[in-house]
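Participant: I'd like to ask you about the structure that follows.
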Amino acid sequence: MMRKPRIAIVGPGRLGSALALELKRAGYHVSEIVAGVSAASRRKARGLARQVHARWRVEGARLDADVIWFCVPDREIAHAARQLAGTVDWKGKIALHSSGAIGSDELSVLRRRGADVASVHPLMTFVSRSVPSLKGVPFALEGDARALRVVGRIVRELGGETFPISKSKKLAYHAWGAFMAPLLVALLVTGERVARAAGVSNAEARRKMLPIVRQTLANYAKLGPAGAFSGPIVRGDDEVVRGHLQELKKIPEAEEVYTALARAAMRYLPAGNRKVLERVLGGRGSRSL
């Protein structure tokens, strides 16, 4: 398959829409958008098809593309594959799904019908009203050799990079991703709640937090975790940490997050006055660098 393969997208959600747009940018022909039965899915499919010059279907999907890329929620992948299994001859086709948590065997019904299958997960966040570039994005790949060769080329032409992931490691991989986006947002919104206790509104907190958040990420990228770590723990300032905990008793959820992260810092990062800080944090911090 030296020419650029024709690609059909099953599921016009956030990931499917971003992927279709990036594929079109990279010179791929997105031939078909397959929607779900809901009105919202139909509406998204219609709009996306218009943007990438594809046809869209709910029923009667042609699936005459070389690559069928399932971009539906994890719980729907196997069901969608079963629904489409009898639609066309799958011999010679590539079937992909983009779950980060489950393996390519979720498409085993299509493998049995002659398709080569793989799971292809971009380590990127996809939200409404935002279409991220896939340039520089790592994609975790797992599956059949031929499918991996084809999708590896696609990812490279999208500007991304690939790395292999074992089926048995996918849940750990996906949990790692959770720390980088959704749980990071949870940390930031917890910070907003603490800012309110300091008399700063949520909107102002978001605006005022961005410079320090950006600089912290820049330091992490340039200097590594130890070089980017600052604040009372690295200084060993137990009185400040004790004061933080006392103040955060008014916000129990924030106190729990602070304590958990402080203990993680004690375990993985440089800390001064370690024994005293361990007592302040409940004696659960330990050095394991």
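The values are calculated or read from the model by the stated rules, or taken from the named source; none is laboratory data. Quantities reported herein were computed from a predicted structural model and do not represent experimental measurements. A quick note on method: Cβ atoms are made from the backbone with ideal geometry, for glycine too, and the neighbour counts reach across all protein chains shown.
Participant: Hey, does the range 117-128 have a residue that's within 24 Å of Gln83 (Cα to Cα), surrounded by 15 or more Cβ atoms within 10 Å (Cβ to Cβ) and more than 20 Å from the chain's Cα centre (by Cα)?
Facilitator: The answer is yes, given that some residue of the range 117-128 is within 24 Å of Gln83 (Cα to Cα), surrounded by 15 or more Cβ atoms within 10 Å (Cβ to Cβ) and more than 20 Å from the chain's Cα centre (by Cα).
Participant: Still on this structure, please answer the following. Look at the range 250-275 and say how many of its residues are in contact (Cβ under 8 Å) with a residue 24 or more places away in the chain and either more than 26 Å from Gly224 (Cβ to Cβ) or assigned to a loop (DSSP other than H, G, I, E, B) (or both).
Facilitator: Matching residues across the range 250-275 total 9.
Participant: For the range 57-65, does any single residue satisfy the condition of being in contact with a helix residue (DSSP H, G or I) (Cβ under 9 Å, 6 or more places away or on another chain), surrounded by fewer than 21 Cβ atoms within 10 Å (Cβ to Cβ), among the small types (Gly, Ala, Ser) and on the phi > 0 side of the Ramachandran plot?
Facilitator: no
Participant: Could you say which residue among Leu134, Leu110 is buried (at least 20 other Cβ atoms within 10 Å of the Cβ), within 20 Å of Ala81 (Cβ to Cβ) and not basic (Lys, Arg)?
Facilitator: Exactly one residue qualifies, and that residue is Leu110.
Participant: Of the residues that sit in the range 252-262 and are exposed (fewer than 13 other Cβ atoms within 10 Å of the Cβ) and not aliphatic (A, V, I, L, M), which one is farthest from Val194 (Cα to Cα)?
Facilitator: For the range 252-262, the residue satisfying everything is Glu256.
Participant: Name the one entry in Arg146, Arg193, Arg206 that is outside the structural domain of Ile68 (by TED's automatic domain parsing), of a type in the set (D, E, K, R) and touching a residue at least 40 places away in the same chain (Cβ under 8 Å).
Facilitator: Values: Arg146 fails: outside the structural domain of Ile68 (by TED's automatic domain parsing); Arg206 fails: touching a residue at least 40 places away in the same chain (Cβ under 8 Å).
None of the other options fit; the residue is Arg193.
Participant: For the range 229-251, name all the residues that are surrounded by 14 or more Cβ atoms within 10 Å (Cβ to Cβ) and at positive phi.
Facilitator: Within the range 229-251, Gly236 is the sole residue that qualifies.
Participant: Quick check, is Lys167 farther than 21 Å from Val213 by Cα, surrounded by fewer than 15 Cβ atoms within 10 Å (Cβ to Cβ) and touching a strand residue (DSSP E or B) at 6+ places or on another chain (Cβ under 7 Å)?
Facilitator: In short, yes.
Participant: Yes or no: the range 211-220 includes at least one residue that is touching a helix residue (DSSP H, G or I) at 6+ places or on another chain (Cβ under 7 Å) and either of a type in the set (Phe, Trp, Tyr) or assigned by TED's automatic domain parsing to the domain that holds Pro132 (or both).
Facilitator: yes
Participant: Under 9 Å between Cβ atoms, at least 6 apart or on separate chains: pull out the pairs that start in the range 56-83 with a residue that is assigned by TED's automatic domain parsing to the domain that holds Gly114 and end on any residue that is assigned to a helix (DSSP H, G or I) and polar (S, T, N, Q).
Facilitator: Val58/Ser41; Cys71/Ser17; Ala78/Ser108; Ala81/Ser108
Participant: Inside the range 90-123, can you point out the residues that are touching a Ser or Thr at 6+ places or on another chain (Cβ under 9 Å) and of a type in the set (Val, Ile, Thr)?
Facilitator: Ile102, Val117, Val120
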